[in-house]
Amino acid sequence: MNEPDLLARFSEEFTRLVDNPEVLSLGVTRKEMWAIFCQLQLALRHPQNTGPTSLTAKAIARRLQAIVAPSGALAEVAEMGWDPQHDA
């Protein structure tokens, strides 16, 4: 693998992603969306996950949270997942 070549190709392809504002849909159940939300939340809680993509991922996770856990006990537990005081 030629790493500089790979990075150049990656940069080109990523630029095309950024330049294409197409909204994608993902056919998942609410239970599956909960699992995706939880895994995003877990990754975002890592203390070294502070790069620019973490901001985008957090915004997406918050949107997922609003969809899958808008109220009730699900909302309370989801919100607890952002708080280090609730870490086991």
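Each reported figure results from applying straightforward, stated rules to the coordinates on display, with no laboratory input. What you are looking at is a predicted structure, and each value in this text was computed from that prediction instead of being measured. Heads up, the Cβs are rebuilt from the backbone with ideal geometry, glycines too, and the neighbour counts pull from every protein chain shown.
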Theoretical ellipticity at 222 nm over the chain - DSSP helices of four or more residues, -39500 (n - 2.57) apiece, nearest 500 | -21500 deg cm²/dmol
Only Lys, Arg (+1) and Asp, Glu (-1) charged, at Cβ; the chain dipole about Cα centre in debye | 280
Using all C-alpha to C-alpha distances in the chain, build P(r) with 5 Å bins and read off the rounded percent in each one.
-> 3, 11, 18, 19, 16, 14, 8, 6, 4, 1, 0
Mind ordering 65-77, 31-43, 14-26 by average Cβ neighbours within 10 Å, highest first?
-> 31-43, 65-77, 14-26
Can you tell which of Thr50, Leu40, Ala75 lies farthest toward the positive end of the dipole of the chain, using +1 and -1 charges on the Cβ of basic and acidic side chains (Lys, Arg; Asp, Glu)?
-> Ala75
With the 8 Å Cα cutoff and a minimum separation of six or more residues, the stretch 3-86 has a relative contact order in percent of 28
